[in-house]
Structure formats: structure tokens, C-alpha cells
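Enquirer: Take this structure first; my questions come after.
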Amino acid sequence: MESSGRTTRDFAEEHWSSEIKSYVMPEPPKFIQVIKAFRVLATDTLTLVVEVQSDPPAIFEWFCNDRPIQQNRRKFKARHGINITTLTVEGPEQGVYKCTARNPVGISTTYGYVTVNGTTLF
């Protein structure tokens, strides 16, 4: 069979598609970098850094010997970023330093013991 002229053929292919859905379950913050134990002098400057994995970003709070640390430019300086926080302490106190990281799902905590040498006992 001969054909004169042009013919156009359109082919339609049916593609099966699949949809993959990924659900991320919210979790409490997970510490990536924790507080370590330190041995320092009473005249030293101590810097503690912790980092968490958290979505939404975590809110941090620092404690020294179970007392919340108040911002005080002479003694304590806390700086917070997205899922990371730093505490700088001038003339550190001996004891347990604790940082809590909180998001809407839960709270996680890291602890570290700081030993101060050169303290005078009265």
C-alpha cells in the first residue's frame, strides 16, 4: 500500500507512576557534641560547646550545680546558634555543668564535671 502525502502518527505511552512518601517523625534533640570533664585552674576561662541534631531547632539552657546560669558578663557568657550553644565561664566554679536542649517533642541533657585546681578552702 502506497501512500501519497505526509502522515503523522502520535503515540501515547502510558507510564505507571509510583509515589514514595517519606515521613519524618519528630524527635527530641540528639546531642552530637557533649560536655566533657575538665580540670582547670581557678583563674582559667572555661569554654563549653554543645551541638545537637534537632528539627525544629532546639532551645538551650545552661546549669551549674543544678542552678540555672544567669547571663552575667563578668562570670558567664552564653551564646546560642541554630542547634549549637557555647558557654564561657570566667573563674569557673567546681561541679557539674549541665546543658538542656528542648524542642516541642522533648528534652535532652548532657553533663560534664569540672574540677577546679588552686581553690582555697576556708
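Enquirer: What does the net charge come to around Gly118 if you take all other residues with beta carbon closer than 15 Å to its beta carbon, with K and R at +1 and D and E at -1?
Expert: That works out to -2.
Enquirer: Also: Which of rounded, prolate or oblate describes the stretch 35-117 when judged by the alpha-carbon gyration tensor and an a/c cut-off of 1.5?
Expert: prolate
Enquirer: Near Asp55, within a Cβ-to-Cβ distance under 11 Å, what is the net charge of the other residues, with Lys and Arg +1 and Asp and Glu -1?
Expert: Taking every other residue near Asp55 into account, the sum is 0.
Enquirer: For the stretch 82-122, list residues with backbone N below 18 Å from a point placed 7 Å from the Cα of Tyr23 toward its Cβ?
Expert: 105
Enquirer: Turning to a different aspect of this structure: Sum up the charges of everything whose Cβ sits under 13 Å from the Cβ of Ala101, counting Lys and Arg as +1 and Asp and Glu as -1, but leave Ala101 out.
Expert: -1
Enquirer: Okay, moving on. Length gain on complete extension for the stretch Thr115 to Glu61, per 0.36 nm per residue less the alpha carbon to alpha carbon distance?
Expert: Using 0.36 nm per residue and subtracting the Cα-Cα distance, I get 17.3 nm.
Rule-based calculations on the coordinates, nothing more; no lab input. Note that the structure is predicted; figures quoted are calculated from it, not measured. Because the Cβ atoms are built from the backbone with ideal geometry, glycine has one as well, and the counts that use them run over all protein chains shown.
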